[in-house]
Amino acid sequence: MNEKNIIVGLDVGTTKVCTIVGVQGPDSELEIIGIGTHPSHGLKKGSVVNIDKTVRSIHSSLEEAKLMAGVNISSATIGIAGSHIYSFNSSGVVAIKGKEITPADVDRVLEAAKAVVIPSDREVLHVIPQEFRVDNTNGIKDPVGMCGVRLEVHVHIVTGSIPLIQNLVKCVEQAGVIANRVTLQPIASSESVLSLEEREMGVILVDIGGGTTDIAIWKEGSLIHSQIIPVGGNHFTNDLAIALKIPHAEAERIKINHGCVLAEQLNQSAHITAQGLSGTKPREVQLSLIADVLGARAEELFQIIRNIIADKNLGNEITGGIVLTGGGALIKGVAELGEYIIERPTKIGYPAPFGGMTNIMQNPKFSTVLGLLIESNRKDQGVAVDNDNNNQMDLIGKFSDSLKSVFKEIF
């Protein structure tokens, strides 16, 4: 198998590290050949707090994926989130030098849009074009080849803390893999879960992870807002552990197997057995009490999302409703509660199947890592063209150098 055709997505999350290995077929279609998941230790709210533990978790996930795929993994696209991520919209304008717009003009206008003052401890992760304007014509997605004298672009810029990005990249590289690309997790999740039609209509993707909830708001096929909320599935588990006075692992088990955020959906007299702290007797717990605890945290989360929509005046942009994904979206009743609080159609988003994806992987908790694989595949196709151009330029350069030396000898 050609190593160049191997593409890897690596999602280093707060609760799990997941690696997916894909191979690129002759028609650039992706086929999944390996997956590795391992509990994550060393991260808090999406940021690295213990390098050694994080490296061990990443290494275990990589080894599992290598074993299943039967290939070596040398590089990967990694996802990033965390409360240090900050996004904003910007715009840039340039004059067109020739008769028609070239890729070089597009690069210049994107650089102009990027020329904003950001703190020295932050770096730009993504510059995502929303729309181009040529003279007085707006709503253009690709202006190359069009005629005009003035080119304007509106972009969405994603920035992150340099030390925190470096810590994550360092952990990945210490596990023996080169981090060839860093992608914002909600953008990756959108790739695997949202259809083109949903992105055109206007939709909010809410990825409820372990340490954070990641938001991506799309309209007319473009990303218009992204934000990381420092509330995730671990907060639901911690609330249960405190309320029921039980260990964290037992709270997680109860949340997964019996969790619900709407008490009215449950049999009010139903009980389950919860194992307390070491040395104490198991005791009966009402399901309605569990629903009250989880429901309070879910209500807080959806209220935050509702406030974001109001603060950014995005209410009129979202005609397609809300799509919930990530492991936290699997708690029973979450979609119904979200629809009630935010007052918009809400559904659970599952990754769209591709490349021999199994039923196990068609799960909201794998949305991010599958999106990283898709994103990496798309970028690699683009890079391949650039490399071909670079190789051609190198050959032309070498040829011209050899001609110069010949002329020097003659004259």
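Here are the numbers for the structure shown:
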quantity	calculated
Pairs, first farther than 21 Å from Lys379 by Cα and touching a residue at least 12 places away in the same chain (Cβ under 8 Å) in segment 117-145, second of a type in the set (Ser, Thr, Tyr) and open to solvent by 70 Å² or more (accessible area, probe 1.4 Å), C-beta under 8 Å, six or more apart	Arg122/Tyr86
Those residues of segment 71-104 which are out of contact with any Asp or Glu (no Cβ under 9 Å at 6 or more places or on another chain), open to solvent by less than 10 Å² (accessible area, probe 1.4 Å) and farther than 30 Å from Ile58 by Cβ, in sequence order	Ile101
Residue under evaluation Ile229, criteria (1) within 22 Å of Lys16 (Cβ to Cβ); (2) among the aliphatic types (A, V, I, L, M); (3) under 13 Å from the mean Cα position of the chain (by Cα), criterion not met	(3)
Residue that is among the hydroxyl-bearing types (Ser, Thr, Tyr) and either part of a helix (DSSP H, G or I) or under 34 Å from the mean Cα position of the chain (by Cα) (or both), where the choices are Ser269, Ser288	Ser288
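So that you can scan it fast, the table gives a plain yes or no per residue for (1) more than 22 Å from Thr15 (Cα to Cα); (2) at pLDDT 85 or above; (3) not acidic (Asp, Glu); (4) not in a helix (DSSP H, G or I):
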residue	(1), (2), (3), (4)
Val323	no, yes, yes, yes
Gly328	no, yes, yes, no
Pro353	yes, yes, yes, yes
Ser367	no, yes, yes, no
Leu373	no, yes, yes, no
Val385	yes, no, yes, no
Asn389	yes, no, yes, no
Lys404	yes, no, yes, no
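The values are calculated or read from the model by the stated rules, or taken from the named source; none is laboratory data. A quick note: this is a predicted structure, and the numbers were derived from the prediction, not measured. Every residue, glycine as well, gets a Cβ built from its backbone with ideal geometry; the counts of neighbours run over all protein chains shown. Calculation scope for accessible area: heavy atoms of the full protein, side chains included, ligands and nucleic acids excluded. Shrake-Rupley method; radii C 1.70, N 1.55, O 1.52, S 1.80 Å.
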